[in-house]
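Worksheet: the structure to be examined is printed underneath.
The values are calculated or read from the model by the stated rules, or taken from the named source; none is laboratory data. The shown structure was predicted, so the numbers you read here are calculated from the model rather than taken from an experiment. Here the Cβ is made from the backbone with ideal geometry for all residues, glycine too, and neighbour counts use every protein chain on show.
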Amino acid sequence: MNFFTWFYCLDIPAAIGLVAVTTVAFLHLKARFENRRFWKTAVWSLAAVWLVMVIYLTVMRREPSDTQESAWIPFYSYYLAFTGVNRELLRSGLMNVLLFYPAGVLAVSLMGKESGIRKRAILAAAGCCVLSMLIEISQYVWGLGLAETDDVIHNTVGSFLGMLSGGLPLCSGIKKH
């Protein structure tokens, strides 16, 4: 079993807990090292790893099919989940939020502090929304599974939440070197 399968199979509280712990750890590192020369390079490297992982998981790892499946109606997955057709869609939605959450956390470290948190959050969410749309369009064009509007919504929400979390001054008490 690979890491991605393991993470996806975690129960919801454990997945959220793991994301919370890694966010706090990242924020502590950020508070300690963000003024060091290597910090931006390290964050860019993490962002590149995240991007490659997302493209691999959502596009490259999938087998093409002869049919192009789509669900363009916003929040249709919730309709299916709450009417009992497929409750797993709730987990899938949350995992799509968590998939793009790191992008928001990393984005706040890469953007200059001169623009406010609101502007940075909107820019990060917009960039992640475009990336998510490109992924869904790729899935549709090449028949790589179900292309969904809900995935774009969940990914964008995840990046926005990550951006807000990454901008929190949780570590302001740590002495910077």
Item to complete: State all residues of segment 23-58 that are in a helix (DSSP H, G or I), of a type outside the set (A, V, I, L, M, F, W, C) and touching a residue at least 24 places away in the same chain (Cβ under 8 Å); if no residue qualifies, say none.
Response: 23, 28, 30, 32, 40, 58
Response to the item:
Those residues of segment 97-146 which are acidic (Asp, Glu) and either part of a helix (DSSP H, G or I) or more than 21 Å from residue 35 (Cα to Cα) (or both) amount to 136
Discussion item. Quick test of your reading of the structure: residue 91 fulfils all but one of (1) of a type in the set (D, E, K, R); (2) modelled with pLDDT of 90 or more; (3) not in a helix (DSSP H, G or I). Name the failing condition by number.
Written reply: (3)
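Report yes if residue 62 is assigned to a loop (DSSP other than H, G, I, E, B), modelled with pLDDT under 95, within 20 Å of the chain's Cα centre (by Cα) and surrounded by 15 or more Cβ atoms within 10 Å (Cβ to Cβ), otherwise no.
Here the answer is yes, as residue 62 does meet what is asked.
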Worksheet item: What residue, among those in segment 1-44 that are exposed (fewer than 12 other Cβ atoms within 10 Å of the Cβ) and over 15 Å from residue 98 (Cα atoms), is modelled with the lowest pLDDT?
Response: 1
Worksheet, complete the sentence: From the option list 77, 109, 132, single residue qualifying as at pLDDT 85 or above, under 25 Å from residue 4 (Cβ atoms) and out of contact with any Gly (no Cβ under 7 Å at 6 or more places or on another chain) is 132
Worksheet item: Taking the condition in a helix (DSSP H, G or I), among the hydroxyl-bearing types (Ser, Thr, Tyr) and either in contact (Cβ under 8 Å) with a residue 12 or more places away in the chain or touching a Pro at 6+ places or on another chain (Cβ under 6 Å) (or both), does residue 77 pass?
Response: yes
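Yes/no per residue for (1) without any contact (Cβ under 8 Å) to a residue 60 or more places away in the chain; (2) buried (at least 20 other Cβ atoms within 10 Å of the Cβ); (3) within 22 Å of residue 52 (Cβ to Cβ):
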| site | (1), (2), (3) |
| --- | --- |
| 112 | yes, no, no |
| 120 | yes, yes, no |
| 129 | yes, no, yes |
| 132 | yes, yes, yes |
| 143 | no, no, no |
| 147 | no, yes, yes |
| 154 | no, yes, yes |
Discussion item. Just to be sure I understand, how many residues within segment 156-171 are surrounded by fewer than 22 Cβ atoms within 10 Å (Cβ to Cβ) and within 18 Å of residue 51 (Cβ to Cβ)?
Written reply: 0
